[in-house]
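Here's the structure we're looking at; comments come further down.
The values are calculated or read from the model by the stated rules, or taken from the named source; none is laboratory data. Bear in mind the structure is a predicted one, so any value in this text is a computation, not a measurement. Note that we place each Cβ from the backbone using ideal geometry, even for glycine, and neighbour counts take in every protein chain shown. Areas reflect the complete protein model, heavy atoms only, side chains present, ligands, DNA and RNA absent. Shrake-Rupley method; radii C 1.70, N 1.55, O 1.52, S 1.80 Å.
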Amino acid sequence: MSRSMFKLAHISDVHLGPLPRLSIQELFSKRITGFVNWHRNRRKHLFGSTLDLLLDDIRAHRADHLAVTGDLVNLASGIEIRAAAAWLRELGDPADTSVVPGNHDAYVPGAYEKSMRAWYDYVRGDLAPSQWQEDRHIFPYLRVRGKVAIVGCSTAVATPPFAASGFFGARQARDTVNMLRAAGEAGLFRVVMIHHPPIRGATTFYKRMIGIRRFAAVISTGGAELVLHGHTHLNTLHWLRGQVQPVPVVGIASASQGPGSIKPAAAYNLFSIDGSPGAWELSGERFSLNRAGDAVIPESVDIFAP
């Protein structure tokens, strides 16, 4: 193993529980549908202990950095947002964990701003102000860690009941292209984080990402070596056209998913990045919760293998 190898762990859709008690005022919104869905479905399969097992295993593998691609909370109540902030602090130094928000983190109008304010140290770029400034755009952000450039994008927007779509707009696209070009010129391996899968047909219509074609143009124009996403609660591999060669687009199961559901059990991906510009070496291993739900085991040797 090269001493310069960079190990990047990826989890998503944390959905920290249990769901707190909410006031009538908080439930008098889209949250009522999520509240019912949680008690009818999610609470039966989402367990905090599985998340702890994943994190312990990530630490055992000595990952250099942790990427979290959204949905830290369920209904984005104030209690949940503050609990997620405390959970992030428990992970360690904000410099070692990068977060982008998901649709559940912007569940109702105003929730996105509250989440980003509370989690600011984990969603700001290296050159961003040290204090939250509501009149400034956070995304995309750029973080450089060793030979790796981490570009965080946001698709998180409040949506009507029974919708979970995301939006990637023109302003963010332009800024992302500029960041990716600059990182490429600096000789860095570029990782893009986003919540919704930027792949047509990867999820149902009401959960789709609006701006898929725009994002694809960003990757082919700006260049990237790896795209990470969540949202679907599935372990997936797709590809987008890059500047020189296809770019892998990797999704991961919910980090809190217990065994016995129709969705795959909790998992994380561990990427090993080595090499240099024009000769990058990328491999990825997946580690998943076992059937008993009491341990994390290797699922495959290389998730990029045919």
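Take the residues of the range 269-306 that are of a type in the set (Val, Ile, Thr), more than 19 Å from the chain's Cα centre (by Cα) and surrounded by fewer than 20 Cβ atoms within 10 Å (Cβ to Cβ): which is nearest to residue 233 (Cα to Cα)?
Applying the first criterion (of a type in the set (Val, Ile, Thr)) to the range 269-306 yields 273, 296-297, 301, 303.
If we keep only those that are more than 19 Å from the chain's Cα centre (by Cα) too, we end up with 296-297, 301.
Narrowing further to those that are surrounded by fewer than 20 Cβ atoms within 10 Å (Cβ to Cβ): 297, 301.
Values: 297: 18, 301: 21 Å.
Applying the filter and picking the extreme gives 297.
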Worksheet, complete the sentence: All conditions in (1) among the polar types (S, T, N, Q); (2) surrounded by fewer than 16 Cβ atoms within 10 Å (Cβ to Cβ); (3) in contact with a helix residue (DSSP H, G or I) (Cβ under 6 Å, 6 or more places away or on another chain) are true of residue 256 except (2)
Fill in: Within the range 82-106, tally of residues that are within 16 Å of the chain's Cα centre (by Cα) and crowded, with 16+ Cβ neighbours inside 10 Å
16
Fill in: The one condition in (1) touching a Pro at 6+ places or on another chain (Cβ under 7 Å); (2) open to solvent by 30 Å² or more (accessible area, probe 1.4 Å) that residue 231 fails to fulfil
(2)
Response to the item:
With criteria (1) touching an Asp or Glu at 6+ places or on another chain (Cβ under 9 Å); (2) part of a loop (DSSP other than H, G, I, E, B), residue 191 comes up short on (2)
Worksheet item: What number of residues within the range 107-125 satisfy the criterion of being in a helix (DSSP H, G or I), open to solvent by 10 Å² or more (accessible area, probe 1.4 Å) and within 17 Å of residue 16 (Cα to Cα)?
Response: 4
Discussion item. Of a type in the set (S, T, N, Q), at pLDDT below 95 and open to solvent by less than 10 Å² (accessible area, probe 1.4 Å): is that true of residue 261 in this structure?
Written reply: no
Fill in: Enumeration of residues in the range 222-250 that are over 14 Å from residue 11 (Cβ atoms), out of contact with any helix residue (DSSP H, G or I) (no Cβ under 8 Å at 6 or more places or on another chain), part of a strand (DSSP E or B) and hydrophobic (A, V, I, L, M, F, W, C)
226, 237, 239, 249
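Does residue 305 satisfy being touching a Pro at 6+ places or on another chain (Cβ under 8 Å), in a loop (DSSP other than H, G, I, E, B) and among the hydrophobic types (A, V, I, L, M, F, W, C)?
Values: touching a Pro at 6+ places or on another chain (Cβ under 8 Å): no; in a loop (DSSP other than H, G, I, E, B): yes; among the hydrophobic types (A, V, I, L, M, F, W, C): yes.
Answer is no for this residue.
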Fill in: Failed condition for residue 147, given (1) of a type in the set (Lys, Arg); (2) modelled with pLDDT of 95 or more; (3) open to solvent by 50 Å² or more (accessible area, probe 1.4 Å)
(3)
Worksheet item: Failed condition for residue 196, given (1) touching a Pro at 6+ places or on another chain (Cβ under 8 Å); (2) at pLDDT 95 or above; (3) not hydrophobic (A, V, I, L, M, F, W, C), with all others met?
Response: (1)
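Based on what the data block shows, is residue 219 of a type in the set (A, V, I, L, M) and either free of Cβ contacts under 8 Å to residues at least 24 places away in the same chain or in a helix (DSSP H, G or I) (or both)? Spell out how you get there, then give the answer.
Values: of a type in the set (A, V, I, L, M): yes; either free of Cβ contacts under 8 Å to residues at least 24 places away in the same chain or in a helix (DSSP H, G or I) (or both): yes.
The answer is yes for residue 219.
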